[in-house]
Every structure is written in structure tokens, then in C-alpha cells.
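K.L.:
The structure that follows is given in the form of C-alpha cells.
The values are calculated or read from the model by the stated rules, or taken from the named source; none is laboratory data. Being a predicted model, the structure only gives us computed values, none of them experimental. Glycine also receives a Cβ, built like all others from the backbone with ideal geometry; neighbour counts cover every protein chain displayed.
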Amino acid sequence: MVSSEYERRIAARFATFDQDGNGYIDREDFSTAAKRLLAEFGIAARSDKGQALYVGAEAFWQGMAGIADRDGDQRITREEFVNGAVKRLRDNPDRFAEIARPFLHAALDLADGDGDGAATVADTARVLGCLGVQPDLARAAAASLDADGDGKVAESEIVTAFARYFTVPE
């Protein structure tokens with residue numbers, strides 16, 4: 001039996017993906033997230049970074065659809081998300097991390113202003129905000145990802161945390 005607290009947390013995670021709030025996750029939600037990130041960081045869609053973000057968004061969508069879209073309608077409902085993706089990925093967060101990695105890599109590349117392979121905590125919070133995380137939570141989450149206190153968040157830190165957020169209900 002799934003607890004109501006678990007359901008509430010998973011519903012919030014579903015809402016993060018459902019960028020337009022229409023009650024399901026589809027390819028357009030991933031495209032919307034990419035557009036928001038590009039606008040936030042002032043990057044052109046036709047640039048190398050812009051194209052990498054769109055390719056990552058498509059890969060992320062394909063991975064999620066392959067796991068969760070049980071009826072093949074190219075939309076993931078909340079029920080499919082809770083009963084499909086989360087249950088299947090909870091036991092294997094590394095699989096989720098690999099599905100998300102191309103998109104997260106490209107998103108962090110947008111936020112990596114100095115090209116050192118990591119984004120500042122503030123820019124990581126901006127990324128999270130573009131993905132629908134509330135500003136206070138985005139800032140706190142970004143700060144918590146900076147495990148060594150250097151003011152930067154590396155790809156490995158965010159991919160692992162992202163996978164845990166979507167696969168571990170606690």
C-alpha cells in the first residue's frame with residue numbers, strides 16, 4: 001500500500017516534470033524546460049549549447065516514456081508516473097541518473113560560466129528554478145549539493161541528487 005505522504009511527494013515530483021500543468025508529461029514539457037533554461041542563461045537555441053540541451057531533453061523524454069508510458073500514447077499520466085516510472089526506478093536510481101544525465105549535463109554546461117565543468121551554487125539554483133523548483137527550495141537544494149563548500153556544483157553531484165530526488169520518497 002502506498003502511503004498518502006509518499007503519494008504527496010511523488011505528486012510534487014510529477015508536477016516538476018509537468019511544465020505546463022496539463023496533468024501529464026509529454027515531449028513538449030521537456031522542450032519547455034529547455035526553452036526556459038536557454039532564456040534564463042541567454043543562450044541561443046541554435047548554438048552548440050542550445051542544441052546539446054534540446055538533444056538532452058529529447059533523450060530524457062525518450063527514456064522516461066520508455067519506462068513509464070504504459071499505454072503508448074506519448075503522454076505520461078500521474079498514475080503512470082507513480083505506478084510505473086518511480087516504482088521501476090526506485091530500485092535502480094543509477095538507471096534514472098543515466099536517463100537524465102545528457103539533459104543535466106547540457107543544463108549545467110549552460111550554467112557553467114567559466115568553463116571549469118561546474119556551476120556556481122547560485123547558477124545551479126537558477127537551473128532548478130527553471131525546472132519548476134520553488135526559489136527558496138532551489139537555493140537550499142543547490143547549496144546542499146555543494147558538498148565540499150567551494151561554491152560550485154559538479155555534474156556528478158547534481159545527477160546523483162536528481163536521481164535520488166525522483167526515486168527515493170523520503
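K.L.:
Report whether or not A11 is of a type outside the set (V, I, T) and modelled with pLDDT of 95 or more. Before you say what the answer is, go through the steps one by one.
P.N.:
Values: of a type outside the set (V, I, T): yes; modelled with pLDDT of 95 or more: no.
The answer is no for A11.
K.L.:
Of all residues in region 4-39, how many are surrounded by 14 or more Cβ atoms within 10 Å (Cβ to Cβ) and assigned to a loop (DSSP other than H, G, I, E, B)?
P.N.:
Result for region 4-39: 3.
K.L.:
Would you please list the contacts, defined by Cβ atoms under 6 Å and residues six or more apart or on different chains, that run from a residue in region 122-135 that is under 15 Å from A100 (Cβ atoms) to a residue that is at pLDDT below 90 and not aliphatic (A, V, I, L, M)?
P.N.:
Final answer for the pair search is G132/T16.
K.L.:
Can you find a residue that is in contact with a Gly (Cβ under 9 Å, 6 or more places away or on another chain) and in contact (Cβ under 8 Å) with a residue 24 or more places away in the chain anywhere in region 81-94? Walk me through how you get there before you give the answer.
P.N.:
Of region 81-94, the ones in contact with a Gly (Cβ under 9 Å, 6 or more places away or on another chain) are none.
No: zero hits.
K.L.:
Can you tell me which of G132, G117 is surrounded by fewer than 19 Cβ atoms within 10 Å (Cβ to Cβ), under 25 Å from V82 (Cα atoms) and in contact with an Asp or Glu (Cβ under 9 Å, 6 or more places away or on another chain)?
P.N.:
On the way: G117 fails: under 25 Å from V82 (Cα atoms).
Result: G132 is the single residue among G132, G117 that is surrounded by fewer than 19 Cβ atoms within 10 Å (Cβ to Cβ), under 25 Å from V82 (Cα atoms) and in contact with an Asp or Glu (Cβ under 9 Å, 6 or more places away or on another chain).
K.L.:
Please determine whether any residue of region 47-64 is over 16 Å from the mean Cα position of the chain (by Cα), surrounded by fewer than 17 Cβ atoms within 10 Å (Cβ to Cβ) and either within 23 Å of R164 (Cα to Cα) or in contact (Cβ under 8 Å) with a residue 24 or more places away in the chain (or both). Steps first, please.
P.N.:
Applying the first criterion (over 16 Å from the mean Cα position of the chain (by Cα)) to region 47-64 yields 47-51.
Going one step further and asking which of them are surrounded by fewer than 17 Cβ atoms within 10 Å (Cβ to Cβ), we end up with 47-48, 51.
Restricting the remaining residues to those that are either within 23 Å of R164 (Cα to Cα) or in contact (Cβ under 8 Å) with a residue 24 or more places away in the chain (or both) gives none.
Scanning region 47-64, I find no residue that is over 16 Å from the mean Cα position of the chain (by Cα), surrounded by fewer than 17 Cβ atoms within 10 Å (Cβ to Cβ) and either within 23 Å of R164 (Cα to Cα) or in contact (Cβ under 8 Å) with a residue 24 or more places away in the chain (or both), so the answer is no.
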